[in-house]
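The values are calculated or read from the model by the stated rules, or taken from the named source; none is laboratory data. No experiment lies behind these values; they were computed from the predicted model shown. Positions of Cβ are backbone-derived with ideal geometry, glycine not excepted, and every protein chain shown enters the neighbour counts. When the accessible area is computed, the model is the full protein with side chains, heavy atoms only, and any ligands, DNA or RNA have been set aside. Shrake-Rupley method; radii C 1.70, N 1.55, O 1.52, S 1.80 Å.
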Amino acid sequence: MKTLTSFLLLGFFVLCSCNDPSAETQDNTAAIINEVENRAINGQQWRITNFANGNQNQTGLFTGFIFEFDSNNLLTSTNGSENLSGTWAIKDSGANEDGKTEFDNVDFSIFFSNPTPFVNLSGNWDISSLTDSTIELRQSNGSMIRLERI
């Protein structure tokens, strides 16, 4: 009886001490979301230095516009005479992707309701790279955005 009790206790401790891989992934994803948010906001101003809509380079449509991501998920863009508002969010994509980058489980979402060039920025974007001075976003259709901090 003592042996059975010992084995049951040992089994209980082994099961309790195992790491839950999904919890670790969620913790890692939450940390990455926090990192991306901190780099995008905090009074930072950005400009689009490359925008390809599918296979069309449309970077010139955003020349002179400055983008700001605020902590309330408001995205503003201005060129001095035109002020546009949209929204942004960093969120868990809900999918374990291919492991190509540390950002595979994270989507960078942008939404503008108008005008047309800005509507083309709208959608869920994969983060392909992130530094203190650049954010590169991609979609599976070949579209990409490169933002550089001013």
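Among residues that are touching a helix residue (DSSP H, G or I) at 6+ places or on another chain (Cβ under 8 Å), modelled with pLDDT of 65 or more, open to solvent by less than 30 Å² (accessible area, probe 1.4 Å) and not in a helix (DSSP H, G or I), SER77 is included.
To keep it simple, each residue is scored yes or no on (1) small (Gly, Ala, Ser); (2) at pLDDT below 95; (3) within 22 Å of THR78 (Cα to Cα); (4) not in a loop (DSSP other than H, G, I, E, B).
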{"site": "PHE118", "(1), (2), (3), (4)": "no, no, yes, yes"}
{"site": "LEU121", "(1), (2), (3), (4)": "no, no, yes, no"}
{"site": "ASP126", "(1), (2), (3), (4)": "no, yes, no, yes"}
{"site": "SER129", "(1), (2), (3), (4)": "yes, yes, no, yes"}
{"site": "LEU137", "(1), (2), (3), (4)": "no, no, yes, yes"}
{"site": "GLY142", "(1), (2), (3), (4)": "yes, yes, no, no"}
{"site": "ILE145", "(1), (2), (3), (4)": "no, no, yes, yes"}
{"site": "GLU148", "(1), (2), (3), (4)": "no, no, yes, yes"}
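Among the criteria (1) among the polar types (S, T, N, Q); (2) modelled with pLDDT of 95 or more; (3) in a loop (DSSP other than H, G, I, E, B), the one THR101 does not fulfil is (2).
A single entry from GLY94, GLY64, GLY43 fulfils the requirement of being surrounded by fewer than 14 Cβ atoms within 10 Å (Cβ to Cβ) and either among the charged types (D, E, K, R) or at pLDDT 95 or above (or both): GLY64. When only residues in region 106-125 that are open to solvent by 60 Å² or more (accessible area, probe 1.4 Å) and under 14 Å from the mean Cα position of the chain (by Cα) count, which is farthest from PHE62 (Cα to Cα)? Selected residue: ASN124. Every condition in (1) surrounded by fewer than 19 Cβ atoms within 10 Å (Cβ to Cβ); (2) out of contact with any Pro (no Cβ under 9 Å at 6 or more places or on another chain) holds for LEU147 except the one numbered (1). Any idea which of (1) out of contact with any Pro (no Cβ under 6 Å at 6 or more places or on another chain); (2) within 27 Å of ASN114 (Cβ to Cβ); (3) of a type outside the set (Lys, Arg) is the one ASN42 doesn't satisfy? All conditions pass for ASN42, except number (2).
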